[in-house]
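My questions will all concern the structure given below.
The values are calculated or read from the model by the stated rules, or taken from the named source; none is laboratory data. Everything numeric here is computed off the predicted structure, so don't read it as measured data. Here Cβ is always computed from backbone atoms with ideal geometry, including for glycine, and neighbour counts include all displayed protein chains.
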Amino acid sequence: MRTSLTLAIILAATATSPIFADTVAAQQVLTFSPTDGSAGEWSYNGAGILSFDQSITIDSGLGSNYDALVGAHVYLPAFQISGIPGAPYTLTPLGNSQITIKSADNSVTYMTGTLAIGDLGTLGTVAGGYTEFKADISNVFITHEGSALGSAALALLEKLGMPALDFDLSFSGGSGVGYKSFADMLDRGGLGSGGFSGAMSVPEPATFVLLGFSGLAILRKRRK
């Protein structure tokens, strides 16, 4: 996934009468990728739109392949890619910007969240999306069914009262007819497709302050 692209963050919370503060270590909550044996991939239409077929499943929860969330489906929005050649591009969710996690048969929703605008950096035939540490997914909501699932990953989010998560995407396969790199594909309007993977994480060491009056955890991240 991400290597040196990860930046440290600092929590700043301002409120009255805090009850206590609890320091939480950085933690990858879940990872996802195309379903094994499927043709799952990203696709670029040559005109600024990057989309996914929706055969995407959870691979691990809190680093375990046995978490109850493994095998659930992840639904991602399509993206508009914009930007100046030679500089980081911008990923803007199109239409409904909601990320949804559902049961393997798609009948039950476990978690939802709203995906913000992010960056896209390229290196040869690969690319990384949402490389900056910030609140990429806001309005994180775990349903009653998600709470009852028995997933350690979802239980952690509920315990922390997480209002937002960090998000990242990794793309491979950015080469094809008329271009040899991911950036060339975008700049020349080439058609492309390939594999991908992603993750949702609790940010780098952060302090959650539970407020006496609201009982809400307030998290604020900023880059150095």
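If a residue counts only when it is at pLDDT below 50, which strands (runs of 3 or more DSSP E) contained entirely in segment 1-67 have at least 2 such residues?
Details: elements: 18-24, 27-34, 42-44, 49-52, 56-61.
Per the criteria, 18-24.
Looking only at segment 69-103, count every residue that is closer than 21 Å to residue 157 by Cα and assigned to a loop (DSSP other than H, G, I, E, B) and tell me the total. Talk me through it step by step, then tell me what you get.
Of all residues in segment 69-103, those closer than 21 Å to residue 157 by Cα come to 69-76, 97-103.
Cutting the leftovers down to assigned to a loop (DSSP other than H, G, I, E, B) gives us 69-72, 76, 97, 103.
Number of matching residues: 7.
Go through (1) at pLDDT below 95; (2) surrounded by fewer than 19 Cβ atoms within 10 Å (Cβ to Cβ); (3) of a type in the set (Ser, Thr, Tyr) and name the single condition residue 147 misses.
(1)
Cβ-Cβ distance below 9 Å, separation of 6 or more or different chains: which pairs start in segment 151-169 with a residue that is farther than 12 Å from residue 202 by Cβ and end on one that is part of a helix (DSSP H, G or I) and modelled with pLDDT of 95 or more?
Final answer for the pair search is 154/146; 154/147; 155/147; 158/146; 158/147.
Consider only pairs whose beta carbons are under 7 Å apart and that are at least six residues apart or on different chains; among these, list those whose first residue lies in segment 108-132 and is farther than 11 Å from residue 91 by Cα and among the acidic types (Asp, Glu) and whose second residue is surrounded by fewer than 21 Cβ atoms within 10 Å (Cβ to Cβ) and modelled with pLDDT of 95 or more.
Pairs found: 132/119.
Only residues that are closer than 16 Å to residue 105 by Cα and more than 18 Å from the chain's Cα centre (by Cα): list them for segment 25-48, please. I'd like the intermediate steps shown before the answer.
Applying the first criterion (closer than 16 Å to residue 105 by Cα) to segment 25-48 yields 34-36, 38.
Of everything in segment 25-48, those that are closer than 16 Å to residue 105 by Cα and more than 18 Å from the chain's Cα centre (by Cα) turn out to be 36, 38.
Pull up segment 152-171, narrow it to residues that are of a type in the set (D, E, K, R) and over 10 Å from the mean Cα position of the chain (by Cα), then point me to the one that is farthest from residue 32 (Cα to Cα). Let's see the steps before the verdict.
Initially, segment 152-171 is screened for residues of a type in the set (D, E, K, R), giving 158-159, 166, 168.
Then keep just the ones that are over 10 Å from the mean Cα position of the chain (by Cα); that gives 158-159.
Working: 158: 20, 159: 22 Å.
Per the criteria, the residue is 159.
Out of segment 49-82, which residues are over 16 Å from the mean Cα position of the chain (by Cα) and in contact (Cβ under 8 Å) with a residue 40 or more places away in the chain?
Matches in segment 49-82: 49, 64, 67, 68, 81.
May I ask you to verify whether residue 200 is at pLDDT 90 or above, over 23 Å from residue 63 (Cβ atoms) and either among the hydrophobic types (A, V, I, L, M, F, W, C) or buried (at least 20 other Cβ atoms within 10 Å of the Cβ) (or both)?
On the way: at pLDDT 90 or above: yes; over 23 Å from residue 63 (Cβ atoms): no; either among the hydrophobic types (A, V, I, L, M, F, W, C) or buried (at least 20 other Cβ atoms within 10 Å of the Cβ) (or both): yes.
So residue 200 does not fit the description; no.
Return only the number of the condition from (1) more than 16 Å from residue 201 (Cα to Cα); (2) in contact with a Lys or Arg (Cβ under 9 Å, 6 or more places away or on another chain); (3) crowded, with 19+ Cβ neighbours inside 10 Å that residue 89 does not satisfy.
(2)
Please enumerate the residues belonging to segment 110-133 that are more than 23 Å from residue 187 (Cα to Cα) and surrounded by 19 or more Cβ atoms within 10 Å (Cβ to Cβ). Quick ask: steps written out before the conclusion?
At the first step, the residues of segment 110-133 found to be more than 23 Å from residue 187 (Cα to Cα) are 110-116, 133.
110, 111, 113, 115, 133 - these are the residues of segment 110-133 that are more than 23 Å from residue 187 (Cα to Cα) and surrounded by 19 or more Cβ atoms within 10 Å (Cβ to Cβ).
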